[in-house]
Amino acid sequence: MSGMLGGMPVAVSAGLGLQRLREWSGLGDPIPTEHIVLGAARDLDPLERDLVEEHQLARLSTDDFRQRSARMHAEMERLSRETDIIYVHIDMDVLDPREVPGHPLTVADGPTSRELADALTEIFRYEKAAALGVASTPYGALDPDGISRQAAYNLIEGAIEGVKTRPARPSTP
């Protein structure tokens, strides 16, 4: 309803639309919705809310990310047991509006990109956390000072830091 397409990669990956696009991208089978965790989303439009409730997506709050809560880790542990690859999707409108000044759908009290990056560092320490999507980043005239771009870089750097700090795997002969 909002006209924003930031959440579409999740819907497509789950098989909730654009099946040919999903297959063309190489993802043959949809990701089961029980393997999807919606994080820090605070302002869903009515159709999004209906889909989240209908498909019973797990949800983590903004505070779960800020505090890097036991609940966040419990979801990562659950997913690590149930699936081989964990895809983490971030819509930039979850951030503090000061970091995405050109975004039309921001909501007050979002985490800063540094707070979210710290959570991503912990999330990407999990070996099966293998993909990060950062969607709906303002650019060009909507981000003339590069504030949103830097916020996106902070998120990516947080995930990379998590991967770099994973325990070393034993080498195989």
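The values are calculated or read from the model by the stated rules, or taken from the named source; none is laboratory data. Here the structure is a predicted model, which means the values were calculated and not measured. Backbone-built Cβ (ideal geometry, glycine too); neighbour counts: all protein chains shown.
Matching residues to (1) in contact (Cβ under 8 Å) with a residue 24 or more places away in the chain; (2) surrounded by fewer than 19 Cβ atoms within 10 Å (Cβ to Cβ):
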{"position": "Gly15", "(1), (2)": "no, yes"}
{"position": "Gln19", "(1), (2)": "no, yes"}
{"position": "Gly28", "(1), (2)": "no, yes"}
{"position": "Ala40", "(1), (2)": "yes, no"}
{"position": "Pro46", "(1), (2)": "yes, yes"}
{"position": "Leu57", "(1), (2)": "yes, yes"}
{"position": "Arg68", "(1), (2)": "yes, yes"}
{"position": "Ala74", "(1), (2)": "no, yes"}
{"position": "Val100", "(1), (2)": "yes, no"}
- line: Of the residues in the range 119-153 that are touching a Leu at 6+ places or on another chain (Cβ under 8 Å) and in a helix (DSSP H, G or I), the one that is farthest from Tyr87 (Cα to Cα) is Ser148
query: Residues of the range 147-173 being surrounded by 12 or more Cβ atoms within 10 Å (Cβ to Cβ) and free of Cβ contacts under 8 Å to residues at least 24 places away in the same chain, which ones?
result: Arg149, Tyr153
- prompt: How many residues are under 17 Å from the mean Cα position of the chain (by Cα), among the charged types (D, E, K, R), within 15 Å of Met8 (Cβ to Cβ) and at pLDDT 80 or above if we restrict to the range 20-77?
  reply: 0
message: If I go through the range 73-118 residue by residue, how many of them are aliphatic (A, V, I, L, M), in a loop (DSSP other than H, G, I, E, B) and closer than 18 Å to Val163 by Cα?
response: 1
message: Return the pair list, or none, for Cβ contacts closer than 9 Å from residues in the range 114-135 that are at negative phi to residues that are in a strand (DSSP E or B) and surrounded by fewer than 17 Cβ atoms within 10 Å (Cβ to Cβ), at least 6 apart or on different chains.
response: Phe124/Ala130
field: Residues located in the range 51-69, provided they are touching a strand residue (DSSP E or B) at 6+ places or on another chain (Cβ under 9 Å) and outside any loop (DSSP other than H, G, I, E, B)
entry: Val52, Ala58, Arg59, Leu60, Thr62, Asp64, Phe65
